[in-house]
Amino acid sequence: MNTEEFISLSEEDTIALGAKFAERLNVGDAVALTGDLGSGKTEFIKGICDYFNVEDIVNSPTFTIINQYHGEKNKEEIHIYHLDLYRIKSPAELSEIGFSECLHSDEIIKLIEWAEKAGDFLCKWDYKVNLNLSDDDENLRQIIITTN
Amino acid sequence: MTILAIESSCDETSAAVIENSAVLSNIISSQYFHSKFGGVVPELASRAHLKAISRVVNESLDSCGKTMADIDALAVTSEPGLIGSLIVGSNFAKALSIRYNIPVVPVNHIEGHLFSGNLQEEVPFPFISLVVSGGHTALFYVTSFTSYEIMGLTKDDAAGEAFDKTAKLLGLPYPGGPEIDKLAKSGNPKAYNFPRSMMHSGDYNFSFSGLKTSVRYFIQKEFPDGVPEEKMPDICASVQAAIVDILVHKAITAALEKKVKSIVIAGGVSANSGLRTKMYDESAKHNIRSIAPMMSYCMDNAAMIGYIASMKLKESGTEPFFDLSFKVNSNALRAKKK
């Protein structure tokens, strides 16, 4: 496992870091995002989707649990699942939303917010992105990327 | 024409009977189970929809004295929503369609909300419709039952999500929207100043994700040892005002630009009393009528689905809608960035 650390000083920084990070993503990869409310998980995912030229507005799937986007890279179509497990109360609920089927879809890039709520159900991941708020600077974020 | 409508796009299972555009019954599972079993309906579970759907459909027929023999068409929410939930309602409708040889009209959930003002009173076209819920925040210019234009959408969090997540930061129980509303009633909305993002962005889009960060640091700075109970009403009133001000400002600006005389507020957040009052007061200043449907039409319900199906059948004839697919995202209603 390899760990990198980045600092974001603004929303725009976080989006740019997401776009930069997306360069390394392959079809089928699963990215587990963790971090408190307002730490910028959705912004980071916006950056990833920008990189893949997703034209849909990328917004929080907290209520819908999953958004599907279509983008492209080198003229190849890329399918992205944007999941948000914020409302999941126990990992058992994951089986009811087809989480495991989703995680094992090899044709699709999976971006999972609140991935810690999946517990042991998150049996397969390629990258973990942890966003940390700062205690005293409202705009500062520490972003730690772990490669599996 | 009598329509049996089914809605199961998110957490609520609902069935309704609509006859000539009038609502004969509108059964919603959370209320149903709450009153009959005194328990809480598990969220997120398509299994819960499965358990509920037969009973809810039967109850919708029984409560208005109808049987399947009286039903001319089915209506069902086909998009957008949770895939597992959509499948339950859609397949149930398909099965009934085959069994009774009647057509199914697929209905977009947001379209259902759009016209929900009409369920209780006639709203003359054109009008502005603000759809605000846990999953959606969108502003529409509506010219008929089959034509409308998206004027703006949220770029990040939905308004209902903003309520629930700030409530969580304040330590209030889920769902936080109604909690904030309750506490806000005795608070001063001007006590604290929270940001109103994109208030003057010159378009009709919304952004609520910055509010979370702002509330978080506000609590950390002002009340590092926890928010004292006596401060909660003022904080809740101020948070609510930040959300409501943007919604009202954009809806009224849109109404003035399009020169319409009515604004409909729909979706779960339209139950918020702060939003209702402010929209009513501000609209009145411009001689615009604001219409907020009653609670059972604000939340996810099948009556709104049946109603729009009946209007579509009226406007475009009884097309056989036997082909039915379902989608998680609604492409037709998702704005493109470019």
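Starting from the range B:81-96, take each residue that is within 11 Å of B:ILE53 (Cβ to Cβ) and list its partners that are basic (Lys, Arg), counting only C-beta distances under 9 angstrom and pairs at least six apart or across chains.
Matching pairs, first to second residue: B:VAL88/B:ARG47.
For the range B:134-173, name all the residues that are within 30 Å of B:GLU315 (Cα to Cα), within 11 Å of another protein chain (Cβ to nearest Cβ) and part of a strand (DSSP E or B).
B:THR137, B:ALA138, B:ILE150, B:GLY152, B:LEU153
List the helices (runs of 4 or more DSSP H) inside the range B:240-338, counting only whole elements, that have at least 1 residues being at pLDDT below 95 and not hydroxyl-bearing (Ser, Thr, Tyr).
B:295-298, B:302-316
Of the conditions (1) part of a helix (DSSP H, G or I); (2) within 14 Å of another protein chain (Cβ to nearest Cβ), B:GLY117 fails just one. Which one is it?
Going through the list (1) part of a helix (DSSP H, G or I); (2) within 14 Å of another protein chain (Cβ to nearest Cβ), B:GLY117 breaks only (2).
Condition first: more than 10 Å from chain B (Cβ to nearest Cβ) and assigned to a helix (DSSP H, G or I). Can you find one or more residues in the range A:121-135 that meet it?
Yes - at least one qualifying residue is present in the range A:121-135.
Would you point out the residue of the range B:14-38, among those that are at pLDDT below 50 and of a type outside the set (Gly, Ala, Ser), that is surrounded by the fewest Cβ atoms within 10 Å (Cβ to Cβ)?
Restricting to residues being at pLDDT below 50 and of a type outside the set (Gly, Ala, Ser), the top hit is B:PHE37.
Quick check: anything in the range B:140-151 closer than 20 Å to A:ASP56 by Cβ, surrounded by fewer than 23 Cβ atoms within 10 Å (Cβ to Cβ) and either modelled with pLDDT of 95 or more or within 14 Å of the chain's Cα centre (by Cα) (or both)?
yes
Of the numbered conditions (1) within 13 Å of the chain's Cα centre (by Cα); (2) under 28 Å from B:LYS51 (Cα atoms); (3) among the basic types (Lys, Arg), A:LYS110 satisfies every one except a single condition; which is it?
In the conditions (1) within 13 Å of the chain's Cα centre (by Cα); (2) under 28 Å from B:LYS51 (Cα atoms); (3) among the basic types (Lys, Arg), A:LYS110 misses (2) alone.
Name the residue, out of B:ASP72, B:ASP11, that is modelled with pLDDT under 85 and of a type in the set (Asp, Glu).
Every option except B:ASP11 fails the conditions.
Please find, among A:ALA30, A:ALA92, the residue that is touching a strand residue (DSSP E or B) at 6+ places or on another chain (Cβ under 8 Å) and of a type in the set (Gly, Ala, Ser).
Of A:ALA30, A:ALA92, the one residue that is touching a strand residue (DSSP E or B) at 6+ places or on another chain (Cβ under 8 Å) and of a type in the set (Gly, Ala, Ser) is A:ALA30.
Tell me which of these A:GLU116 doesn't satisfy, since it passes every other one: (1) surrounded by 14 or more Cβ atoms within 10 Å (Cβ to Cβ); (2) farther than 29 Å from A:GLU77 by Cα; (3) within 14 Å of chain B (Cβ to nearest Cβ).
(3)
Quick test of your reading of the structure: A:LEU9 fulfils all but one of (1) free of Cβ contacts under 8 Å to residues at least 40 places away in the same chain; (2) closer than 17 Å to A:VAL129 by Cα. Name the failing condition by number.
Here A:LEU9 meets the rest and fails (1).
Mind checking whether some residue in the range B:62-83 is within 14 Å of chain A (Cβ to nearest Cβ), part of a helix (DSSP H, G or I) and crowded, with 17+ Cβ neighbours inside 10 Å?
Checking the range B:62-83: at least one residue is within 14 Å of chain A (Cβ to nearest Cβ), part of a helix (DSSP H, G or I) and crowded, with 17+ Cβ neighbours inside 10 Å.
Would you point out which residue out of B:SER214, B:SER201, B:SER186, B:SER209 is at pLDDT 95 or above and among the hydroxyl-bearing types (Ser, Thr, Tyr)?
Only one candidate qualifies: B:SER186.
If I go through the range B:84-101 residue by residue, how many of them are under 17 Å from B:ALA16 (Cα atoms) and surrounded by 18 or more Cβ atoms within 10 Å (Cβ to Cβ)?
Total meeting the criteria: 8.
For a quick check of your reading of the model, give me the residue pairs whose first member lies in the range B:277-302 and is closer than 24 Å to B:ILE6 by Cα and without any contact (Cβ under 8 Å) to a residue 24 or more places away in the chain, whose second is of a type in the set (D, E, K, R) and buried (at least 22 other Cβ atoms within 10 Å of the Cβ), with beta-carbon atoms closer than 9 Å and at least 6 apart or on different chains.
none
Condition check ((1) in contact (Cβ under 8 Å) with a residue 24 or more places away in the chain; (2) facing chain B (nearest Cβ under 7 Å)) across all residues:
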residue: A:VAL54; (1), (2): yes, no
residue: A:VAL58; (1), (2): yes, no
residue: A:GLN68; (1), (2): no, yes
residue: A:ASN74; (1), (2): no, no
residue: A:GLU77; (1), (2): no, no
residue: A:TYR81; (1), (2): yes, no
residue: A:ARG87; (1), (2): yes, yes
residue: A:ALA92; (1), (2): no, no
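Only one of these is under 28 Å from B:ASP11 (Cα atoms) and facing another protein chain (nearest Cβ under 8 Å): A:THR64, A:THR34. Name it.
A:THR64
Is it the case that some residue within the range A:90-112 is under 30 Å from A:ASP135 (Cβ atoms), modelled with pLDDT of 90 or more and surrounded by fewer than 21 Cβ atoms within 10 Å (Cβ to Cβ)?
no
The values are calculated or read from the model by the stated rules, or taken from the named source; none is laboratory data. This structure is a prediction, so every number in the text was calculated from the model and none was measured. As a convention, Cβ positions derive from the backbone with ideal geometry for all residues, glycine included, and neighbour counts pool all protein chains shown.
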